[in-house]
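Trainee: Below you will find the structure I want to go over with you.
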Amino acid sequence: MKTEIEITGQIGGNSILKHAIQTSESEMCRSRNGFVITFNTRKEAYKALSIANKQLREEEPEWAKNGISYRPKYSLSYDASFARIIL
């Protein structure tokens, strides 16, 4: 079942989330408020969110890690941008 992750918020944070979440198996398109990334299965979308969370936490300095919030199998937020599973 195809699953989509919608990314909304500020332009800079949206781009960072898009690059962290998008995989070679996914399809990305622009939406009115940001981006929509489509995965072939729900499992792929969950895995992409989890990997993006780990990647962002590794790249951010210790003082900035409070700006990252992750809810497994639901959402990932970074700064003022928000990625959530919508299908």
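Trainee: May I ask you to list the residues in the range 23-48 that are surrounded by 14 or more Cβ atoms within 10 Å (Cβ to Cβ) and either closer than 19 Å to GLY12 by Cβ or touching a Cys at 6+ places or on another chain (Cβ under 6 Å) (or both)?
Mentor: Matches in the range 23-48: MET28, GLY34, PHE35, VAL36, ILE37.
Trainee: Across the range 25-70, what is the total count of residues that are out of contact with any Lys or Arg (no Cβ under 7 Å at 6 or more places or on another chain) and assigned to a helix (DSSP H, G or I)?
Mentor: Here the count works out to 21.
Trainee: Next question. Please tell me if ILE51 is in contact with a Phe, Trp or Tyr (Cβ under 6 Å, 6 or more places away or on another chain) and surrounded by fewer than 17 Cβ atoms within 10 Å (Cβ to Cβ).
Mentor: On the way: in contact with a Phe, Trp or Tyr (Cβ under 6 Å, 6 or more places away or on another chain): no; surrounded by fewer than 17 Cβ atoms within 10 Å (Cβ to Cβ): yes.
When the stated conditions are applied, ILE51 does not pass them.
Trainee: Additional query: Just to be sure before I move on: is ALA83 out of contact with any Asp or Glu (no Cβ under 8 Å at 6 or more places or on another chain) and among the hydrophobic types (A, V, I, L, M, F, W, C) in the structure I sent? It would help to see each step written out before you state the result.
Mentor: Details: out of contact with any Asp or Glu (no Cβ under 8 Å at 6 or more places or on another chain): no; among the hydrophobic types (A, V, I, L, M, F, W, C): yes.
Here the answer is no, as ALA83 does not meet what is asked.
Trainee: Can I ask one more? May I ask you to list pairs of residues, at least six apart or on different chains, whose Cβ atoms are under 6 Å apart, with the first in the range 39-55 being free of Cβ contacts under 8 Å to residues at least 60 places away in the same chain and the second being small (Gly, Ala, Ser) and not in a helix (DSSP H, G or I)?
Mentor: PHE39/SER26
Trainee: In the range 54-87, which residues are surrounded by 12 or more Cβ atoms within 10 Å (Cβ to Cβ), under 18 Å from LYS2 (Cα atoms) and not basic (Lys, Arg)?
Mentor: The answer is SER75, ALA83, ILE85, LEU87.
Trainee: Would it be correct to say that LYS73 is on the phi > 0 side of the Ramachandran plot and not in a strand (DSSP E or B)? Steps first, answer last, please.
Mentor: Numbers: on the phi > 0 side of the Ramachandran plot: yes; not in a strand (DSSP E or B): yes.
The answer is yes for LYS73.
Trainee: Still on this structure, please answer the following. Being charged (D, E, K, R) and under 10 Å from the mean Cα position of the chain (by Cα): is that true of ARG57 here? Spell out the reasoning first.
Mentor: Details: charged (D, E, K, R): yes; under 10 Å from the mean Cα position of the chain (by Cα): no.
Considered against the rule, which asks whether it is charged (D, E, K, R) and under 10 Å from the mean Cα position of the chain (by Cα), ARG57 comes out as no.
Computed from the coordinates by the stated procedures, all read-outs in this text should not be read as laboratory data. All figures in this text were calculated on a predicted structure; none of them were measured in a lab. Note that we place each Cβ from the backbone using ideal geometry, even for glycine, and neighbour counts take in every protein chain shown.
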